[in-house]
Amino acid sequence: MSTVLEINHLTVSFDTPDGAVQAVNDVSLLVEEGECVGLVGESGSGKSQTFMAAMGLLADNATVSGAIHFEGSNLLTANEKELNKLRGERIAMIFQDPMTSLTPHMKIGRQLAEVLIEHRGVGKAEARKQARAMLERVHFPEAERRLDMYPHELSGGLRQRVMIAMALMCEPAMLIADEPTTALDVTVQAQILDLLMEIKDSLGTAIVLITHDLGVVAGLADRVAVMYGGRIVEKGAVADMFESPAHPYTQGLLACTPRLDEDITALVTIPGQPPNAQSLPGGCSFHPRCTYVTERCKAERPILETTAKYRAKACHLDALEAAE
Ligand SMILES: Nc1ncnc2c1ncn2[C@@H]1O[C@H](COP(=O)(O)OP(=O)(O)O)[C@@H](O)[C@H]1O
Ligand code: SF4
Ligand SMILES: [Mg+2]
């Protein structure tokens, strides 16, 4: 397997009138060809900004350091022209709200065709044919008839399928899906996750699945990284993470993830609030919420240590104690 994306020591901070916001701190992550990596954490933990950095889409008040290599090019030093080409053809990103990617006043068939006309120089008729084929591939019902519809004429689930079809038009090596199912109801959510799984298996597209919901990555991801306060606090193969979460925060997230065989009224939440990226707690950022906290945790930040292949955690406890 070759590496598609390699993020090394990525740091993103935002300059604001109230001081610096440390959004992403020393994040390193690998995405291999054709695999799905889940990036999980509560809102504000730095998941989206990690990949906005990769896409060259950070806001103007951002300062970024580290390196992000995609198929050999450093995305952080690439110029706008190189980035535009990579973004259209090799990397695609989809969002929670499809309307951020779709143009409201343009028929969906034309929007899809435009991608091929612009990036591949394909003729209009051929582009429309391929647009229809791609819609069928993402199981969009009555594709031919709906090519001439506007986004607002479609349901949320169908709009999400159009956005996925658009992302796949140039057969990218990697698809970044940022909370792709958060706005959808449970049944449609499951259908979209099935579709992403099918894309990974049939097209070999590497997928980065960003979500606040650990349950979403369970069926789809090969490996998972958990973020807290802008840092990766644990990573590992998905089965290992679910079987034996080593970091207290991952344990807490798992306890909050409802299972089909559990009474939903028994749902727990992690006590306390996610940290403010403007004033992160000293030592381990999770310490104000952690039941295992010691004096050392308040004073010394734990480093992310590799414990086995693909497995790492940032916590002063050893794995055994934490799992108790
Ligand atoms: N342009 C900006 N200026 C200041 N802070 C920002 C900006 N964009 C994002 N942030 C902050 O960066 C942190 C991480 O955001 P984000 O990566 O979007 O979190 P999430 O894990 O929910 O995707 C948050 O505290 C967010 O408020
Ligand atoms: S380092 Fe300490 S506070 Fe942080 S997660 Fe581990 S035990 Fe909890
Ligand atoms: Mg986000």
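In nm, give the distance between the simple-model label positions of ILE303 and GLU82, each being 7 Å from the Cα along the Cα-to-Cβ direction.
Going from the ILE303 label point to the GLU82 one covers 3.1 nm.
About its Cα centre, how strong a charge dipole does the range 101-169 have in debye, to the nearest 20, once Lys and Arg get +1 and Asp and Glu get -1 at the Cβ?
Details: 12 positive and 8 negative charges, 13 e Å.
Charge dipole of the range 101-169: 60 debye, to the nearest 20.
Run lengths n ≥ 4 of DSSP H only: what is the helix-derived mean residue ellipticity at 222 nm for the chain, with -39500 (n - 2.57) per run over all residues, to the nearest 500? All intermediate terms of the calculation are to be shown ahead of the outcome.
Values: 12 runs with 111 residues, N = 324.
Only helices count here, giving -10000 deg cm²/dmol.
Order the peptides 280-290, 242-252 from the highest to the lowest mean number of other Cβ atoms within 10 Å of their residues.
Values: 280-290: 20.1, 242-252: 21.7.
Highest to lowest by the protection proxy: 242-252, 280-290.
Report in % the part of the accessible area of the range 207-251 that belongs to carbon and sulfur, leaving out ligands and nucleic acids; probe 1.4 Å. Each step should come with its number before you reach the end.
Numbers: 550 of 1110 Å².
Solvent-exposed carbon and sulfur of the range 207-251 make up 50 percent of the total.
Carbon and sulfur: what percent of the range 101-169's accessible surface (1.4 Å probe)? Don't jump to the answer; show the numbers that get you there.
Working: 1710 of 3420 Å².
On the range 101-169, the fraction of accessible area on carbon and sulfur atoms equals 50 percent.
For the range 200-263, what relative contact order do you get, as a whole percent, if you take Cα pairs closer than 8 Å and at least 6 residues apart?
About 24 percent, as a whole number.
With r defined as the distance between the Cβ atoms of ASP194 and ALA239 and R0 fixed at 22 Å, what FRET efficiency is calculated, to the nearest 0.05?
Numbers: r = 20 Å, r/R0 = 0.89.
About 0.65, to the nearest 0.05.
Multiply the residue gap between GLN278 and SER73 by 0.36 nm, knock off their C-alpha separation, and tell me the result in nm, one decimal place. Let's see the in-between values first.
Working: separation 205, 0.36 × 205 = 73.80 nm, distance 3.16 nm.
Length difference between fully extended and current span is 70.6 nm.
Most fluctuating residue of ASP18, ASP240, ASP222 in a GNM of the chain with Cα springs under 10 Å: which is it?
ASP18
Using unit Cβ charges (K, R positive; D, E negative) and no other charged atoms, how large, in debye to the nearest 20, is the dipole of the range 57-141 about its Cα centre?
Details: 12 positive and 10 negative charges, 100 e Å.
Here the size comes out at about 480 debye.
By how many degrees, 0 to 90 and rounded to 10, does the Cα axis of helix 108-120 deviate from the longest principal axis of the chain?
90 degrees
Evaluate the distance, in nm, between pseudo-label points positioned 7 Å from the Cα of THR3 and of THR182 along their respective Cα→Cβ axes.
For the pair THR3/THR182, the computed spacing is 2.9 nm.
At a probe radius of 1.4 Å, what is the per-residue accessible area of HIS212, in Å² to the nearest 10?
90 Å²
Expressed as a rounded percentage, what relative contact order does the chain have, with Cα pairs under 8 Å and six or more residues apart?
On the way: 608 pairs, mean separation 66.1, N = 324.
For the chain, the relative contact order is 20 percent.
Probe 1.4 Å, all protein chains in place: accessible area of TYR150 in Å², nearest 10?
About 80 Å², ignoring ligands and nucleic acids.
Return the whole-Å distance between the Cα centroid of the range 111-188 and the Cα centroid of the range 17-94.
Between the Cα centre of the range 111-188 and that of the range 17-94, the gap is 23 Å.
Show me, for the range 158-166, the HN-Hα J-couplings you get by feeding each phi into the Karplus relation (A = 6.51, B = -1.76, C = 1.60, θ = phi - 60°), rounded to Hz, glycine and proline as x.
5, 4, 5, 5, 5, 5, 5, 4, 5
Hey, what's the chain come to in accessible area per residue, 1.4 Å probe, Å²? Don't skip to the answer; put the middle values down first.
Numbers: 15380 Å² over 324 residues.
Heavy-atom accessible area per residue stands at 47 Å².
Could you sort VAL226, VAL238 by accessible area so the largest value comes first, with the probe set to 1.4 Å? Don't jump to the answer; show the numbers that get you there.
On the way: VAL226 0, VAL238 20 Å².
The ordering from most to least exposed comes out as VAL238, VAL226.
For LEU203 and LYS129, FRET efficiency with R0 = 22 Å and r from the beta-carbon atoms, rounded to 0.05? Let's see the in-between values first.
Working: r = 19 Å, r/R0 = 0.85.
Taking R0 as 22 Å, the efficiency between LYS129 and LEU203 is 0.75.
Short version: ³J(HN,Hα) in whole Hz for each residue of the range 214-229, in order, from phi by Karplus 6.51 cos²θ - 1.76 cosθ + 1.60 (θ = phi - 60°), x for Gly and Pro, what are they?
In residue order, the calculated couplings are 4, x, 5, 7, 3, x, 10, 7, 8, 10, 10, 10, 9, 10, 8, x Hz.
Hey, got the dipole for the chain? About the Cα centre, +1 on K and R Cβ, -1 on D and E Cβ, debye to the nearest 20? Display every interim value, and only then the final one.
Details: 29 positive and 43 negative charges, 158 e Å.
The calculation lands at about 760 debye.
Over the range 11-91, calculate the relative contact order: mean separation of alpha carbon pairs under 8 Å at least 6 apart, over the residue count, as a percent. List each step's numbers first, then the result.
Values: 75 pairs, mean separation 23.5, N = 81.
The normalised contact order for the range 11-91 reaches 29 percent.
The values are calculated or read from the model by the stated rules, or taken from the named source; none is laboratory data. These numbers were taken from a predicted model, which means no experiment stands behind them. Cβ: placed from backbone, ideal geometry, glycine included. Neighbour counts: every protein chain shown. To get the accessible areas, we keep the full protein, side chains included, count just its heavy atoms, and leave off ligands, DNA and RNA. Shrake-Rupley method; radii C 1.70, N 1.55, O 1.52, S 1.80 Å.
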